[in-house]
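The structure under discussion appears below in the form of structure tokens.
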Amino acid sequence: MKSLALAAILVPALLSPAFAQGVGWVGATWLVEDIGGRGVIDNAQTTLRIDADGKVSGSTGCNRYFGKAILDGATLRFGPLATTYRACPPALADQERKFLAALKEARTARRDAMGRLQILTGKGKALLTLTRM
């Protein structure tokens, strides 16, 4: 399998214990249920995992990705991510593009009343909604 590095340098993680404990999701694998309010292809299994050291990994539904997250206070940002480079059917390629774009736009995260993880813009707009696997 070929790899395509989307970034040569990964930003070191700044893990704030208050953020990680308050949100309560670091170290778990999360399944994406919604991207930008439009749902997802259910059997694609787009996932996200951020470890306590800030390492990020998962599946776009077609390709694997990895990199770093920057967590500081209420701030969440994803450093440059690298991904494998497999050909995807057009619908999955579109979902993958939207998912990776949402990670680039992320500025914070919260848990909703149902325990789902929401990744948000700086203005509080939901980019991604995920459930714990």
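Summary of values
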| item | result |
| --- | --- |
| Carbon + sulfur, % of accessible area of the range 25-133 - ligands and nucleic acids excluded, 1.4 Å | 51 |
| In sequence order, calculated HN-Hα J values of the range 110-119 (Karplus, 6.51, -1.76, 1.60; Hz; x Gly/Pro) | 7, 9, 8, 4, 8, x, 6, 8, 10, 9 |
| Whole-Hz ³J(HN,Hα) from phi, Karplus 6.51 cos²θ - 1.76 cosθ + 1.60, for the range 48-64, glycine and proline x | 9, 9, 10, 7, 4, 8, x, 5, 10, 7, x, 10, 8, x, 9, 10, 8 |
| Quotient of C-alpha Rg and 2.2 N^0.38 Å, computed over the range 62-132 | 1.18 |
| Förster-model FRET efficiency, 30 Å R0, T75 and Q45, C-beta, rounded to 0.05 | 0.60 |
| Amide H contacts under 5 Å for T46, placed H, 5+ residues apart | V32 |
| Built amide H within the under 5 Å cut-off of L127, gap 5+ | I119, L120, T121 |
| Computed label-point distance, nm, for sites D94 and T29 using a 7 Å Cα→Cβ extension | 2.8 |
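The values are calculated or read from the model by the stated rules, or taken from the named source; none is laboratory data. All figures in this text were calculated on a predicted structure; none of them were measured in a lab. FYI the Cβ positions are ideal-geometry reconstructions off the backbone, even for glycines, and counts take in every protein chain you see. Only protein heavy atoms, including side chains, enter the accessible area calculation; ligands, DNA and RNA are left aside. Shrake-Rupley method; radii C 1.70, N 1.55, O 1.52, S 1.80 Å.
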